[in-house]
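Trainee: Got a structure for you, questions after.
The values are calculated or read from the model by the stated rules, or taken from the named source; none is laboratory data. Bear in mind that the values here come from a model prediction, so they are computed numbers and not experimental data. We place every Cβ from the backbone using ideal geometry, glycine too, and count neighbours over all the protein chains shown.
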C-alpha cells in the first residue's frame, strides 16, 4: 500500500516557494492553450510575489489575455531506494498556489520589487543597485502576483 504525502499549512508552503530557485508560473495563452515557465520570483509578504521581464513577449501577452496564474515549486527532491521495502521513491517538498497578476507602474513599488529580487538572488552586489536601477527602471516590467487563496504544500520526508 502506498503511503500518501503529507499536506502542510500555508506558512510551510511559502517557505517552499522561498527556497525554490525557480517557481513555475503557469498561464493561459490568448488562444486558450497553457503556457508554463520557470521564473525567478521573490515574495514580499504572505500574498505578494514579484518577477521582472521585458515589456513584450509571450508572458506579457498571456497576462494581458488572462491575469490568473498558477504557481508551482519544488525546493527539495531526493530520489531514494528504500532497501527495507524494496521500493523506489522520491522524497520532496512542494507547493502550489493560485494568484492574479498585474503590471506594477508605481515607481516606488517597482524599486521595492527590484530590490527584493536583487537581495534574494545577488545580495553581494547591492552596492550597484541604485546605479543599475536608475539606468533600467523605465524599461523593466515588474509583474506582481497576488495570491487569491492560501498556498498548499506537500511533502514526503
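Trainee: Give me a count of the residues in segment 1-18 that are crowded, with 18+ Cβ neighbours inside 10 Å and assigned to a strand (DSSP E or B).
Mentor: 1
Trainee: Out of the residues in segment 54-71 that are surrounded by fewer than 17 Cβ atoms within 10 Å (Cβ to Cβ) and within 15 Å of the chain's Cα centre (by Cα), state the one that is nearest to residue 139 (Cα to Cα).
Mentor: 68
Trainee: Let me ask something else. Just to verify a result, which residue in segment 23-41, among those that are more than 14 Å from residue 53 (Cβ to Cβ) and assigned to a loop (DSSP other than H, G, I, E, B), is farthest from the chain's Cα centre (by Cα)?
Mentor: Selected residue: 31.
Trainee: Separate question: Could you check segment 123-146 and list, in sequence order, the residues that are touching a helix residue (DSSP H, G or I) at 6+ places or on another chain (Cβ under 9 Å) and not in a helix (DSSP H, G or I)?
Mentor: 140, 141, 142, 143, 144
Trainee: Looking at (1) part of a strand (DSSP E or B); (2) at pLDDT 95 or above; (3) surrounded by fewer than 18 Cβ atoms within 10 Å (Cβ to Cβ), find the lone condition where residue 78 falls short.
Mentor: All conditions are met except number (2).
Trainee: Restricting the search to segment 19-39, which residues are closer than 25 Å to residue 120 by Cα and either free of Cβ contacts under 8 Å to residues at least 40 places away in the same chain or loosely packed, with under 15 Cβ neighbours inside 10 Å (or both)?
Mentor: Selection gives 19, 21, 22, 36, 37, 38, 39.
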